[in-house]
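I have placed the structure first, in the form of structure tokens, so that the comments after it can refer back to it.
Please treat every number below as a calculation from the coordinates, not as lab data. Being a predicted model, the structure only gives us computed values, none of them experimental. Every residue, glycine as well, gets a Cβ built from its backbone with ideal geometry; the counts of neighbours run over all protein chains shown.
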Amino acid sequence: MPLRKPTASELALLRALLAPAFAGRDALVAQLATLRVQDLDGEGSLELQSSGPPSPEADGTPVDAVAPDGDGGELHAYLHVADGRLAELEVVQDAAEAMARLPAADQWKVSALG
């Protein structure tokens, strides 16, 4: 699949994930300006690519979030950073059924891990 601009809901979730303070956050926020994404699965996981400057401090999984999936279960979102660049938004659903859409950004409880 080709790279595309993120949807408004995808960008809102990424902004929510980048809201807490953690080392290297500001450079990752700046990368959103040139962000392109590619769908990885039907749950909302995305490959992330940006031409913005890398963050020398950020690597690994600096933040995660959890939200209700609408069926009594939970969705988990993990923001992965590789070599100082946004690399992947991983969305994992507890339930076996396919999710209709991502919850709104304000429904995610975000935690900084780093």
Residues with beta-carbon under 12 Å from that of residue 52, excluding residue 52: net charge, scoring Lys, Arg +1 and Asp, Glu -1? +1
Under a Cβ-Cβ cut-off of 10 Å, what is the net charge of the residues other than residue 89 that fall near it, where Lys and Arg count +1 and Asp and Glu count -1? -4
Between helix 8-17 and the chain: long-axis angle, C-alpha atoms, 0 to 90°, nearest 10: 70 degrees
Give me the net charge for the shell around residue 61: Cβ to Cβ below 13 angstrom, other residues only, Lys and Arg +1, Asp and Glu -1. -4
Neighbour counts of other C-beta atoms within 10 Å: give me 36, 15, 85 arranged from fewest to most. 15, 36, 85
Kindly rank 106-112, 17-23 from highest to lowest mean number of other beta carbons found within 10 Å of each residue. 17-23, 106-112
